[in-house]
Each structure stands twice: as C-alpha cells, then as structure tokens.
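K.L.:
Got a structure for you, written out below as structure tokens; questions coming shortly.
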Amino acid sequence: MAGPEANPKIPMHVVIARELEILGSHGMQAHQYPGMRKVITSGKLRPERMIGKRLTLEEGAQELKAMDAFQGVGVTVIRLEG
C-alpha cells in the first residue's frame, strides 16, 4: 500500500505472529460508492444488522479463546479504540 495506508495503525507484526485475519471489504469500484451509500441511507440495505457483538480489543482476546463454543449469530466487531 502507498500513502497514508502504508503505515497501518494495526501492529502488523502481531497479526502475522499470531496468524490473525483482518477481514474487510476491498475492491469495490469507487464510482459505485454513491449508489451503495444511497441504498444504505435509504434503509434498503442495513449492514449494521449483521453485527452480533461489538467488543473492545481486550474483550476480543477473550472472545477468540471462546470461539470453539459457538455463542451467537452475526459478525463480531473488535474496536481498536474506545
């Protein structure tokens, strides 16, 4: 990556050492963003409904340890701040 993304806030050496995965979305063509925003703001698409839990980084560590006991539905979001 180039520009501001060249130095991510996420400590990549930890991601690599612990064999973590960073999931997200990449590759949607920029000219499609306005259309996607329109669908989301209209309420036709509600991506927030996919989120099952929102955790702090510390809570995320405990969540990872408990992954063998499936305890919910949806995407778990681990926040790096607050």
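The values are calculated or read from the model by the stated rules, or taken from the named source; none is laboratory data. None of these values were measured; they are calculated from a predicted model. Positions of Cβ are backbone-derived with ideal geometry, glycine not excepted, and every protein chain shown enters the neighbour counts.
K.L.:
Restricting to segment 16-48, and then to whatever is among the hydroxyl-bearing types (Ser, Thr, Tyr) and outside any helix (DSSP H, G or I), can you tell me which residue is surrounded by the fewest Cβ atoms within 10 Å (Cβ to Cβ)?
P.N.:
Restricting to residues being among the hydroxyl-bearing types (Ser, Thr, Tyr) and outside any helix (DSSP H, G or I), the top hit is Ser25.
K.L.:
Could you look through segment 51-75, keep only residues that are part of a strand (DSSP E or B) and modelled with pLDDT of 90 or more, and pick out the one that is nearest to Ile10 (Cα to Cα)?
P.N.:
Per the criteria, the residue is Thr56.
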